[in-house]
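What follows is a set of notes on a single structure, which appears directly below.
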Amino acid sequence: LNPPDDYVIKKGDKLIVIAEDNDTYSVGEPCKSDVPVVLPIRCRQTVPEKVLFCGWRRDMDDMIKVLDEFCAEGSELYIFCEMDLAEREATLEKGGLSASDVKNLKIVHITGDVVSRKDLEKLPVEMFNSVLILASEANGDESMTIVNVDSRSLATLLLIRDIQTKRLLLTQRSEGIKGASAGPATSDELEDDEDMNWNKLKSAACKSTIISEILDSRTRNLIADTKIGDYVLSNELVAMALAMVSEDAEVNNILKELFASEGDEIYIHPVLDYCQPGEELSFFDLCRRARTRHELVFGYKFAFAKRAVLNPPDKDRPIKWSHGDALVLIAEDLMVDEDGGEAQDLDCEEYLQDRIGVGSKVGATASEPGQI
């Protein structure tokens, strides 16, 4: 994937094509672009992240290994679920996860109910770069339907967003931000605040990413309509991958390459990394500019669009690009903005010690990098 530009195609080579079907594409005329390839200067560096897992899966050991490979050194993973610490350690050990396998992550185990507001309020939910709500298997109830599992995931999503929103308002009040009333607010005042609505929830959604794993395809419409989080339809993803591999076994190697931490992966980069605001460029022009960074563009997403456009038509049509638009591309490394994507300075561990305390019902156990 994403080979060097000077590679010469040889007899017997095959091309990897993104298309609607295996008979919907053909060879066209070479594209021409006269636009200068001078790119905006972008200052990027990898930074440690704070990630929260709500819930538990049987393959948690595999998830931790993959996350450890993608995260920068010094990143922290908080695992919050009802399963007690001894059972977690036994499950991870049975899955083959040892302390030596974890290089970049510091893992913090926290015990509590993912649908309990009282337990969730003891977490520093506003400090995490991203939150993943898992289709939890911690309750051990094999008879629970996928609808019930999705309901718990949705409840956790709404609770976390509401807690984030209230704390955002408290911060605005304490810092005297314009539009916020002076003085601290009580919980009752916050409940009656006119600004406590979906727009505030969406504002909190812009500050951190929450992904909910759902099992029923009907649930995604509920999450999509609220616009306060995103989702991963895990069952459907597996089914689609199996369908593609069954049609062409070689697709399996491509998927492995994309999902592995080494080599090239799929990323979404701001379009202003490749052009100036208001600049009119065609899709081909942006592809050419991205190639100077050894990146392969195959789609884009407008700021207010619900879905990305992959393999767009009219690739030579000029488009006026603006802030919030993004490119979908294949690249080897993801670099994070120097002034963006960083966790807040407030120490999560100190926060947990103050709010929870070790040994209580909602307890926390931390590890150093390389330890669990």
**OP:** Name the residues whose placed amide hydrogens come within less than 5 Å of the amide hydrogen of LEU233, ignoring near sequence neighbours (fewer than 5 apart) on the same chain.
**Re:** ILE214
**OP:** Taking every pair of alpha-carbon atoms in the range 1-121, give the share separated by more than 18 Å as a whole percent.
**Re:** 71
Original post:
Label 7 Å along Cα→Cβ of ASN253; the range 1-33 residues with amide nitrogen under 20 Å?
Top reply: 1-5, 7-19, 22
Original post:
Relative contact order, percent, of the range 88-165 when contacts are C-alpha pairs under 8 Å separated by at least 6 residues?
Top reply: 34
Original post:
Hey, what do the phi angles of the range 18-25 turn into as Karplus ³J(HN,Hα) couplings, whole Hz, using 6.51/-1.76/1.60 and θ = phi - 60°, x for Gly and Pro?
Top reply: 9, 7, 5, 7, 6, 10, 10, 9
Original post:
Projected area of the range 51-112, taken from the Cα convex hull and averaged over every viewing direction, in nm²?
Top reply: 3.7
Subject >> Accessible solvent surface per residue of the range 265-319, calculated while the other protein chains remain in place, 1.4 angstrom probe, Å² >> reply: 55
Original post:
Around GLU76, which amide H atoms from residues at least 5 apart in sequence, or from another chain, sit under 5 Å from its own amide H, with H modelled in the peptide plane?
Top reply: GLU49, LYS50, VAL51, LYS106
Subject >> Using θ = phi - 60° and Karplus 6.51 cos²θ - 1.76 cosθ + 1.60, couplings along the range 273-278 (whole Hz; Gly, Pro as x) >> reply: 6, 10, 7, 8, x, x
Original post:
For the range 216-316, what class follows from the C-alpha gyration tensor (a ≥ b ≥ c being the square roots of its eigenvalues): rounded when a/c is under 1.5, otherwise prolate if a/b is larger than b/c, else oblate?
Top reply: oblate
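The values are calculated or read from the model by the stated rules, or taken from the named source; none is laboratory data. From a predicted model like this one, the values you see are computed outputs, not experimental measurements. All Cβ positions, glycine included, derive from the backbone under ideal geometry; neighbour counts span all protein chains shown. Calculation scope for accessible area: heavy atoms of the full protein, side chains included, ligands and nucleic acids excluded. Shrake-Rupley method; radii C 1.70, N 1.55, O 1.52, S 1.80 Å.
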